[in-house]
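Asker: Below is one structure. I have some questions about it.
The values are calculated or read from the model by the stated rules, or taken from the named source; none is laboratory data. Keep in mind the model is a prediction, meaning the values are calculated, not measured. Positions of Cβ are backbone-derived with ideal geometry, glycine not excepted, and every protein chain shown enters the neighbour counts. Surface areas here come from the heavy atoms of the whole protein model, side chains and all, with no ligands, DNA or RNA. Shrake-Rupley method; radii C 1.70, N 1.55, O 1.52, S 1.80 Å.
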Amino acid sequence: MIRTTLLASVLAVLCSVGVLAAKAPDILPSGWRLDPPAGALAATGTMPQGLAVSPDGRLLAVVESGFNPPALSLFAARGLRGLGSIPRPGAFGKPVWIDASHVLVAGANADAFLVVDVARRTVREHRIAAGAWPDAVAIAPNHAFVAASDDGDGTITLAAYPSFGDRRSIAVGPHPGDVLFSRNGATLYVAMRGARTVKAIDVATGTASAIAVGLHPSALALSGDGSRLYVAESDDDAVGAIDTRTNRRIADIAVGLHDGRLSGYGASPNALWIGSWPNSPLFASLGAENAIAVIRNDRVVERIPTGWYPTGVALGRGDTLFVSDGKGEGMRANPQFNPYLHRNAEYVATTLYGSVRAIPLGVWRHARAQTADVVAAEMPTWHAPAISRTVVRPHGPIRHVIYVIKENRSYDQVLGDLRGADGDPHLVWFGENVTPNQHAIARRFGILDRAFTNSQVSADGHNWTDAAIANDYVERFWPVNYAGRRRLYDFQDGLAPDVPHAGYLWDAARRAGITYRDYGEDVITPKGLAGPATTDMAGLAGHFDPRYYGWSLKYSDRLRLAEWLREFDAYAANGGLPQLEIVYLPNDHTAGTDPGAPTPQAYVATNDWCLGRLVDAVSHSRYWKSTAIFSVEDDAQDGPDHVSDQRSTFYVASPYAKPGVHHDDYSTAGVLHTIELILGIAPMTIYDATARPLYAAFGMRADLRPFDALRPRIDLRAVNARTAYDAAVSARLDWNRPDAVDPALLNRILAHAAGKGRVR
């Protein structure tokens, strides 16, 4: 059960850092448990990106760069007492101490080096090229500085300190990540997130050589004697060791939990720290496994549980281990979500506060039981039924799966009016009058009132729905995009660092020899809605319908459904229905009150009508007896919910679906796991491997009665008038991709359009 803990309540209202009370273990959308060890704990702002201990060991600097305004926060290393926050537009990445009084920070959208005087609380900006977007910084022993720019072209900027003169720019390639100087400052190492390489650059000449490493290197650390460079290979669940004399990788240290009990990639090593003394342990932050790996002699000797999604690690005085947790201490409910306020209060990204913790030496050193705690936190709490007692199995009666992906609704916002389930009718925006088919599907085939998206927003949401993970690149950068501080949006790219180790569901289907067809998910809609759709997803080539368009609110779900029906009717007549179909129906996103566009109710009702007609068509076909339809929202960000800001509407439609209310906790990854079990597809990540399948949502007896879609109760042709609330504002908004519009603004518009009073 998800608990709204004291900590969650404190975090929801905190506007500044502060020490937090200890708390009971919390449950995440994945079903994993958070139960970190004892030690001081403090709240931070949204998405702390990294931390560093001052040279004298007294202070801890943390860069906060999430949805809320970025800042450098300072804590007393002893007790984590908050010493204040220094707001600075553009702050990003891991801070680097220049001396005991000054911190170097990447300036991101400020296009600058930021030098923070922690005593005077002042900041000096040293501008570099416009549009550079520096995301990482480093300092050499001779006080040369460097910034790596995630600007698409991929450059680094070298400068002298303290003047920041004598600047040079060196092109290195797409998405340079962490940067680090050699001990003598003669060589600069650059982790290339966009490739499988670390660049070694001769600082004097600017010449570079490439060192082959694992997938999407994200962080660097240098041994005390400088003979070894360590690189976090974030999508290979490994830490590479490079001999700096030969610039060759000499070891790969596996850090994921691949021990027979748990399998699948998904550790996401994303930060490293090693001491300057001989035989220092190497610490690796495992973002996606909520743990720190302690590495000695090229193997993990223990794992230490942390908060949700650790992003930074460092050892301080007395061998106290400091950890920043990007998502803090657990999920939160948002029933007070008030779209009428001209701010983002209770919006999921706004309340995604982080935390920082101090783990004493006596807790982490030689505490091998900690590893057992990490494993236990991720071990499944469900038990698979005997093969003979479930239809969720390969070669069973269900041989076809249709996976429908929609956009951005919470459970209470749509189904909060369903009696007998855990809903709050006061929070309903698009109830049964607007969504009669979703209500009918839930009543007929089962109400899943504890279904949670693994994601927070669409940027990570489509990764979770398609791949059962959002990798470290996505997790770190989407909050900045959603805050309007980064223009590059490449989280469904297929060519960028967002592609995880095992790829996507279609890649897994191909590996399993499963036939599959995609309709709109991760395809590129042609400009002007003219010509065929395309894709940059290699696994979709030849497996998608080019006449079915993906994201475009100017294209109706009714047209999408008509195209899907054209192919489905042919399969029904001639056979050959693919074992897996992925169908994208995005109109429930809405376009606010954009004049001439469908009203929000018409958009949501159109989406509802099309989902109902899809289920109707399958249920009246030869394939009904062998099909399961799953429908999910990619995220739940656009509405209130009294249980969790990540609770959403999930639907199952199948002759084997079991009616009634199902209170089991399910997740996006759990739906994927269910699809994999039915079709005989291997899990893609540790998340779908451990997620609870929807066993209890299915029975053994088939009810072959067809489903008849309910006619819409409102006019699907209704369009926004120019006099609608904020119509002029809506007309100026960017509808070219999901979530491009400021969420506070859109939700305020939707609440007015839905005729809601103040959300209580």
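Asker: Mind checking whether some residue in the range 99-115 is of a type in the set (Val, Ile, Thr), in a strand (DSSP E or B) and under 20 Å from SER324 (Cβ atoms)?
Answerer: The answer is yes, given that some residue of the range 99-115 is of a type in the set (Val, Ile, Thr), in a strand (DSSP E or B) and under 20 Å from SER324 (Cβ atoms).
Asker: Please determine, by comparing only the residues of the range 497-513 that are in contact with a Gly (Cβ under 8 Å, 6 or more places away or on another chain) and surrounded by fewer than 19 Cβ atoms within 10 Å (Cβ to Cβ), which one is farthest from VAL583 (Cα to Cα).
Answerer: Ranking the qualifying residues of the range 497-513, first place goes to ALA512.
Asker: Consider only pairs whose beta carbons are under 7 Å apart and that are at least six residues apart or on different chains; among these, list those whose first residue lies in the range 708-721 and is in contact (Cβ under 8 Å) with a residue 12 or more places away in the chain and under 21 Å from GLU432 (Cβ atoms) and whose second residue is part of a loop (DSSP other than H, G, I, E, B) and not β-branched (Val, Ile, Thr).
Answerer: That search, which allows pairs on different chains as well, returns ARG713/ASN433; ILE714/ASN433.
Asker: In this structure, does SER85 turn out to be under 26 Å from GLN456 (Cα atoms) and more than 25 Å from the chain's Cα centre (by Cα)? Explain how you work it out, then say what you get.
Answerer: On the way: under 26 Å from GLN456 (Cα atoms): yes; more than 25 Å from the chain's Cα centre (by Cα): yes.
When the stated conditions are applied, SER85 passes them.
Asker: Whether any residue in the range 589-611 is modelled with pLDDT under 95, within 20 Å of GLU521 (Cβ to Cβ) and either open to solvent by 10 Å² or more (accessible area, probe 1.4 Å) or not hydrophobic (A, V, I, L, M, F, W, C) (or both) is what I want to check.
Answerer: Scanning the range 589-611, I find at least one residue that is modelled with pLDDT under 95, within 20 Å of GLU521 (Cβ to Cβ) and either open to solvent by 10 Å² or more (accessible area, probe 1.4 Å) or not hydrophobic (A, V, I, L, M, F, W, C) (or both), so the answer is yes.
Asker: Out of ARG566, ARG558, report the one residue that is basic (Lys, Arg), open to solvent by 10 Å² or more (accessible area, probe 1.4 Å), assigned to a helix (DSSP H, G or I) and within 30 Å of ALA744 (Cα to Cα). Step through it out loud before you land on a result.
Answerer: Details: ARG566 fails: within 30 Å of ALA744 (Cα to Cα).
The conditions single out ARG558.
Asker: List the residue pairs whose Cβ atoms are under 8 Å apart, where the first residue sits in the range 65-88 and is closer than 19 Å to PRO134 by Cα, the second is at pLDDT 95 or above and of a type in the set (Asp, Glu), and the two are 6 or more positions apart or on different chains.
Answerer: Once the first residue is closer than 19 Å to PRO134 by Cα and sits in the range 65-88, its partners that are at pLDDT 95 or above and of a type in the set (Asp, Glu) give PRO70/GLU64; ALA71/GLU64; LEU72/GLU64.
Asker: Next question, about the same structure. Mind listing just one residue for me: the one in the range 74-92 that is open to solvent by 20 Å² or more (accessible area, probe 1.4 Å) and in a loop (DSSP other than H, G, I, E, B) and, of those, nearest to ASP150 (Cα to Cα)? If you could, list the steps in order and put the result at the bottom.
Answerer: Narrowing the range 74-92 to residues open to solvent by 20 Å² or more (accessible area, probe 1.4 Å): 78-79, 81-85, 87-89.
If we keep only those that are in a loop (DSSP other than H, G, I, E, B) as well, we get 78-79, 81, 88-89.
Numbers: ARG78: 35, GLY79: 35, ARG81: 33, ARG88: 19, PRO89: 16 Å.
If we take residues in the range 74-92 being open to solvent by 20 Å² or more (accessible area, probe 1.4 Å) and in a loop (DSSP other than H, G, I, E, B), then PRO89 is nearest to ASP150 (Cα to Cα).
Asker: Look through the range 522-575, keep the residues that are among the hydroxyl-bearing types (Ser, Thr, Tyr) and touching a residue at least 24 places away in the same chain (Cβ under 8 Å), and return whichever of them is nearest to ASP507 (Cα to Cα).
Answerer: THR535
Asker: Within the range 110-127, count every residue that is under 25 Å from ALA186 (Cβ atoms) and either surrounded by fewer than 23 Cβ atoms within 10 Å (Cβ to Cβ) or at pLDDT below 90 (or both). Lay out the reasoning, then the answer.
Answerer: Initial filter on the range 110-127 (under 25 Å from ALA186 (Cβ atoms)): 113, 115, 126.
The next check asks that each one be either surrounded by fewer than 23 Cβ atoms within 10 Å (Cβ to Cβ) or at pLDDT below 90 (or both); those that pass are 115, 126.
The total comes to 2.
Asker: To continue, here is another question. Can you list the helices (runs of 4 or more DSSP H) lying wholly within the range 391-482 that have 2 or more residues being over 29 Å from GLY354 (Cβ atoms) and either open to solvent by less than 10 Å² (accessible area, probe 1.4 Å) or in contact (Cβ under 8 Å) with a residue 12 or more places away in the chain (or both)?
Answerer: On the way: elements: 411-415, 436-445, 458-467, 472-482.
Correct list: 411-415, 436-445.
Asker: Answer yes or no as to whether ALA186 is more than 17 Å from VAL105 (Cα to Cα), open to solvent by 30 Å² or more (accessible area, probe 1.4 Å) and not β-branched (Val, Ile, Thr). Explain how you work it out, then say what you get.
Answerer: Details: more than 17 Å from VAL105 (Cα to Cα): yes; open to solvent by 30 Å² or more (accessible area, probe 1.4 Å): yes; not β-branched (Val, Ile, Thr): yes.
Criteria met by ALA186.
Asker: Mind checking whether some residue in the range 749-760 is in contact with a helix residue (DSSP H, G or I) (Cβ under 7 Å, 6 or more places away or on another chain), exposed (fewer than 15 other Cβ atoms within 10 Å of the Cβ) and either of a type in the set (Lys, Arg) or part of a strand (DSSP E or B) (or both)?
Answerer: First pass over the range 749-760, keeping only residues in contact with a helix residue (DSSP H, G or I) (Cβ under 7 Å, 6 or more places away or on another chain): 749-750, 753-754, 759-760.
Okay, now just the ones that are also exposed (fewer than 15 other Cβ atoms within 10 Å of the Cβ), so 760.
Checking the rest, the ones that are also either of a type in the set (Lys, Arg) or part of a strand (DSSP E or B) (or both) come to 760.
Yes, there is a match, as at least one residue in the range 749-760 is in contact with a helix residue (DSSP H, G or I) (Cβ under 7 Å, 6 or more places away or on another chain), exposed (fewer than 15 other Cβ atoms within 10 Å of the Cβ) and either of a type in the set (Lys, Arg) or part of a strand (DSSP E or B) (or both).
Asker: How many residues, within the range 156-171, are within 15 Å of ASP202 (Cα to Cα) and either surrounded by 18 or more Cβ atoms within 10 Å (Cβ to Cβ) or among the aromatic types (Phe, Trp, Tyr) (or both)?
Answerer: Residues in the range 156-171 being within 15 Å of ASP202 (Cα to Cα) and either surrounded by 18 or more Cβ atoms within 10 Å (Cβ to Cβ) or among the aromatic types (Phe, Trp, Tyr) (or both): 5 in total.
Asker: Show the residue pairs meeting these rules: Cβ distance below 7 Å; 6+ apart or different chains; first residue within the range 723-751 and more than 27 Å from GLY528 (Cβ to Cβ) and aromatic (Phe, Trp, Tyr); second residue open to solvent by less than 20 Å² (accessible area, probe 1.4 Å) and modelled with pLDDT under 90.
Answerer: Cβ pairs passing all conditions: TYR725/ILE749.
Asker: Quick check on the range 294-311: of everything there that is touching a Pro at 6+ places or on another chain (Cβ under 7 Å) and in a strand (DSSP E or B), which residue is nearest to ALA271 (Cα to Cα)? Can you show your working first?
Answerer: Narrowing the range 294-311 to residues touching a Pro at 6+ places or on another chain (Cβ under 7 Å): 294-296, 304-307, 311.
Narrowing the set further to residues that are in a strand (DSSP E or B) leaves 294-296, 304-305, 311.
Values: VAL294: 12, ILE295: 13, ARG296: 16, ILE304: 14, PRO305: 15, THR311: 6 Å.
Among them, the one singled out is THR311.
Asker: Working only within the range 219-257, note down all residues that are aliphatic (A, V, I, L, M), buried (at least 19 other Cβ atoms within 10 Å of the Cβ) and part of a strand (DSSP E or B). So that I can check it myself, show each step before the final result.
Answerer: If we filter the range 219-257 for residues that are aliphatic (A, V, I, L, M), which is where we start, we get 219-222, 229, 231-232, 238-239, 241-242, 250-251, 253-255, 257.
Still in the list and also buried (at least 19 other Cβ atoms within 10 Å of the Cβ): 219-222, 229, 231-232, 238-239, 241-242, 253, 255, 257.
Once the filter is applied, which keeps residues that are aliphatic (A, V, I, L, M), buried (at least 19 other Cβ atoms within 10 Å of the Cβ) and part of a strand (DSSP E or B), the range 219-257 yields ALA219, LEU220, ALA221, LEU222, LEU229, VAL231, ALA232, ALA238, VAL239, ALA241, ILE242, ILE253.
Asker: Next question, about the same structure. Quick one: which helices (runs of 4 or more DSSP H) sit completely within the range 649-735 and have at least 1 residues that are open to solvent by 30 Å² or more (accessible area, probe 1.4 Å) and either more than 22 Å from PHE452 (Cβ to Cβ) or touching a His at 6+ places or on another chain (Cβ under 7 Å) (or both)? Show your work before the answer.
Answerer: Numbers: elements: 668-679, 686-690, 727-731.
Fully inside the range 649-735 and qualifying: 727-731.
Asker: If you take the residues of the range 255-284 that are under 24 Å from the mean Cα position of the chain (by Cα) and among the small types (Gly, Ala, Ser), which of them is modelled with the lowest pLDDT?
Answerer: SER263
Asker: Within the range 579-593, can you find the residues that are within 15 Å of PRO738 (Cβ to Cβ) and not β-branched (Val, Ile, Thr)?
Answerer: Within the range 579-593, the first condition is being within 15 Å of PRO738 (Cβ to Cβ), and the residues that meet it are 584-592.
TYR584, LEU585, PRO586, ASN587, ASP588, HIS589, ALA591, GLY592 - these are the residues of the range 579-593 that are within 15 Å of PRO738 (Cβ to Cβ) and not β-branched (Val, Ile, Thr).
Asker: Only one residue in HIS439, HIS426 is out of contact with any Phe, Trp or Tyr (no Cβ under 6 Å at 6 or more places or on another chain) and modelled with pLDDT of 95 or more. Which one? Full working, then the answer.
Answerer: Details: HIS426 fails: modelled with pLDDT of 95 or more.
Answer to the check: HIS439.
Asker: Looking only at residues in the range 483-524 that are part of a loop (DSSP other than H, G, I, E, B) and hydroxyl-bearing (Ser, Thr, Tyr), which one is farthest from ARG547 (Cα to Cα)? Don't jump to the end; show me each part of the working.
Answerer: Pass one, the range 483-524, residues part of a loop (DSSP other than H, G, I, E, B): 483-504, 513-515, 520-523.
Cutting the leftovers down to hydroxyl-bearing (Ser, Thr, Tyr) gives us 489, 504, 515.
Numbers: TYR489: 25, TYR504: 22, THR515: 19 Å.
Ranking the candidates gives TYR489 first.
Asker: In this structure, is ASP493 charged (D, E, K, R), within 22 Å of the chain's Cα centre (by Cα) and surrounded by fewer than 21 Cβ atoms within 10 Å (Cβ to Cβ)?
Answerer: On the way: charged (D, E, K, R): yes; within 22 Å of the chain's Cα centre (by Cα): yes; surrounded by fewer than 21 Cβ atoms within 10 Å (Cβ to Cβ): yes.
Against the criterion (charged (D, E, K, R), within 22 Å of the chain's Cα centre (by Cα) and surrounded by fewer than 21 Cβ atoms within 10 Å (Cβ to Cβ)), ASP493 qualifies.
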